[in-house]
Amino acid sequence: MSTLSLTPVDPSVDHALQAIVAGESTESTCTTDLAAGPWDFDTRPGYGPGSSMGDVIPTGAPRQGELPSEYREAPEDELHERIRAARQALGERVVVLGHFYQREEVVRHADYVGDSFQLANAALEHPDAEAIVFCGVHFMAETADLLSGPEQSVILPNLAAGCSMADMADIDQVEDCWEQLADVYGPLDEADAEGRVPVIPVTYMNSSAAIKGFVGRHGGIVCTSSNARTVLEWAFARGRRVLFFPDQHLGRNTAKAMGVPLEQMPMWNPRRALGGSSIAELQDARVILWHGFCSVHRRFSVDQIEKARAEHPGVRVIVHPECPMEVVDAADEAGSTDYIRKAIAAATEPTTFAIGTEINLVRRLAAQHPQHRIFCLDPVVCPCSTMYRIHPGYLAWVLEELVAGRVQNRIRVADEVAAPARLALERMLAAKPR
């Protein structure tokens, strides 16, 4: 095993990017535009610097209005002080939630740090809070709105913080897919002699409220990266096959680990008739995978794992199940962000970890566990482009507006969508491992 370095790790990805731009670092980045303030890109359509060229943002996606200049121009220390002062003035009237993938400068102000579902549940612990400020992306704020009280305001500091993966499952495309599957399988709500319907829809938490509502209306269920296997078992007990969206990789990796053959997992491309499969392939399918993916986790490769093993003998490689199948197969372990955190925390001996997930979390873990060497499999500094749209300037703005009695950037899910979406979430909560 390589010699471990005890040099303190700065968890700030922003500091790393600024050093790269200033020529003070030998690290590389996917784009130096990430070092600029996200407000430079708010008025432009797109997911922002660092996003994949293949990620085409839907027409009508939310845009963020102009952030007042006092927040754009304020230095980091001033923003932190303004956030602290606003938090103190608001007291228990506000709860701030920070996703694992948020920049360090935002996470330091969060009451809770976790994945999307952990944070939505954390909001439930504060039913008396007037406002829930969700430092994450749009679908996460929607989920918090679904689970919070009607009198509570869920706020997304930057409305431009969307999710390209969630957007890859458009509700119109999913409805069209469902109609085509009915043409292949017959009535989708009619159970056979064994009590199973032709197909059960399963959506990953990383999807819009509209998609969760669709799933709820059609007898389906939501899953997370932590409980995907349990949810698929639930679905197979009720249906002959599963329609899984939007992330093909989580669906494929989970079903493969359960023994489902790859040839029984056709891909559904919404731009092609029958998703690009034949009727025979769909009849034989166990899991129909939607043509969606996470641009961050698609950056990881087998070559990166082989390089890590060559340079760090004995390295322990852990990747997220949103990574492509060949990357998951080449790694030592695959698991959710919470799994990765717990695996590192449980390591009793100094260990070298190569981690395949978003770099903000990886750097934070490296700073929190100096007894280990922890590094990101991808050597290029390229955070999630949409998570990075949340900046301390936006957090200071929405908090100070609350102090002044004004609610900015409230996220609301329409009642007709919220009721079936909650049902799909409740089914997930009730599903227990067998």
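The values are calculated or read from the model by the stated rules, or taken from the named source; none is laboratory data. Worth saying up front: this structure is predicted, and the values here are computed from it rather than measured. Backbone-built Cβ (ideal geometry, glycine too); neighbour counts: all protein chains shown. Just so you know, the surface numbers come from the protein's heavy atoms only, side chains and all, with ligands and any DNA or RNA stripped out. Shrake-Rupley method; radii C 1.70, N 1.55, O 1.52, S 1.80 Å.
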**OP:** Give the stretch 97-132 a look and list any residue that's in contact (Cβ under 8 Å) with a residue 40 or more places away in the chain and under 18 Å from residue 209 (Cα atoms), or say none.
**Re:** 115, 116, 117, 118
Original post:
residue 326: over 26 Å from residue 205 (Cα atoms) and open to solvent by 10 Å² or more (accessible area, probe 1.4 Å), yes or no?
Top reply: no
Subject >> Subset of the stretch 11-40 [farther than 23 Å from residue 299 by Cα and either assigned to a helix (DSSP H, G or I) or out of contact with any His (no Cβ under 8 Å at 6 or more places or on another chain) (or both)] >> reply: 22, 23, 24, 39, 40
Original post:
residue 404 versus (1) in contact with a Cys (Cβ under 8 Å, 6 or more places away or on another chain); (2) small (Gly, Ala, Ser); (3) free of Cβ contacts under 8 Å to residues at least 40 places away in the same chain: which is the lone unmet condition?
Top reply: (1)
**OP:** Any chance you could count how many residues in the stretch 39-78 are over 26 Å from the mean Cα position of the chain (by Cα) and not acidic (Asp, Glu)?
**Re:** 6
Original post:
Restricting the search to the stretch 242-278, which residues are out of contact with any Gly (no Cβ under 9 Å at 6 or more places or on another chain), surrounded by fewer than 21 Cβ atoms within 10 Å (Cβ to Cβ) and under 22 Å from residue 173 (Cβ atoms)?
Top reply: 270, 271, 272, 273, 274, 276, 277, 278
**OP:** Would you mind telling me which numbered condition in (1) assigned to a helix (DSSP H, G or I); (2) closer than 21 Å to residue 10 by Cβ residue 122 fails?
**Re:** (2)
**OP:** Name the single residue, out of those in the stretch 232-246 being in contact with a helix residue (DSSP H, G or I) (Cβ under 6 Å, 6 or more places away or on another chain) and part of a strand (DSSP E or B), that is nearest to residue 219 (Cα to Cα).
**Re:** 242
**OP:** Would you mind finding the one in 189, 170 that is out of contact with any Leu (no Cβ under 7 Å at 6 or more places or on another chain), among the charged types (D, E, K, R) and under 27 Å from residue 134 (Cα atoms)?
**Re:** 170
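Which one of 23, 37 is on the phi > 0 side of the Ramachandran plot and either touching a residue at least 40 places away in the same chain (Cβ under 8 Å) or exposed (fewer than 13 other Cβ atoms within 10 Å of the Cβ) (or both)?
Residue meeting the stated conditions: 23.
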Original post:
(1) within 19 Å of residue 198 (Cα to Cα); (2) assigned to a loop (DSSP other than H, G, I, E, B): which one isn't true of residue 294, the others all being true?
Top reply: (1)
**OP:** Would you point out the residue of the stretch 247-283, among those that are in a loop (DSSP other than H, G, I, E, B) and in contact (Cβ under 8 Å) with a residue 40 or more places away in the chain, that is farthest from the chain's Cα centre (by Cα)?
**Re:** 270
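Here are some residues: 207, 226. Which one is small (Gly, Ala, Ser), assigned to a loop (DSSP other than H, G, I, E, B) and open to solvent by 10 Å² or more (accessible area, probe 1.4 Å)?
Numbers: 207 fails: open to solvent by 10 Å² or more (accessible area, probe 1.4 Å).
Criteria check complete, one pass: 226.
Which of the following residues is out of contact with any strand residue (DSSP E or B) (no Cβ under 8 Å at 6 or more places or on another chain) and of a type outside the set (Val, Ile, Thr): 110, 122, 182, 169?
Working: 110 fails: out of contact with any strand residue (DSSP E or B) (no Cβ under 8 Å at 6 or more places or on another chain); 122 fails: out of contact with any strand residue (DSSP E or B) (no Cβ under 8 Å at 6 or more places or on another chain); 169 fails: out of contact with any strand residue (DSSP E or B) (no Cβ under 8 Å at 6 or more places or on another chain).
Being out of contact with any strand residue (DSSP E or B) (no Cβ under 8 Å at 6 or more places or on another chain) and of a type outside the set (Val, Ile, Thr) holds for just one of 110, 122, 182, 169, which is 182.
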Original post:
Of everything in the stretch 391-434 that's β-branched (Val, Ile, Thr), open to solvent by less than 40 Å² (accessible area, probe 1.4 Å) and not in a helix (DSSP H, G or I), which residue is nearest to residue 222 (Cα to Cα)?
Top reply: 413
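Okay, residues lined up against (1) open to solvent by less than 30 Å² (accessible area, probe 1.4 Å); (2) out of contact with any helix residue (DSSP H, G or I) (no Cβ under 7 Å at 6 or more places or on another chain); (3) at pLDDT 95 or above:
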site	(1), (2), (3)
42	yes, yes, no
47	yes, no, no
53	no, yes, no
73	no, yes, yes
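Taking the options 79, 67, name whichever one is touching a residue at least 24 places away in the same chain (Cβ under 8 Å), assigned to a helix (DSSP H, G or I) and of a type outside the set (D, E, K, R). Write out each step before concluding.
Working: 67 fails: assigned to a helix (DSSP H, G or I).
The conditions single out 79.
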Subject >> Filter pass, residue 281 being open to solvent by 20 Å² or more (accessible area, probe 1.4 Å) and in contact with a Pro (Cβ under 8 Å, 6 or more places away or on another chain) >> reply: yes
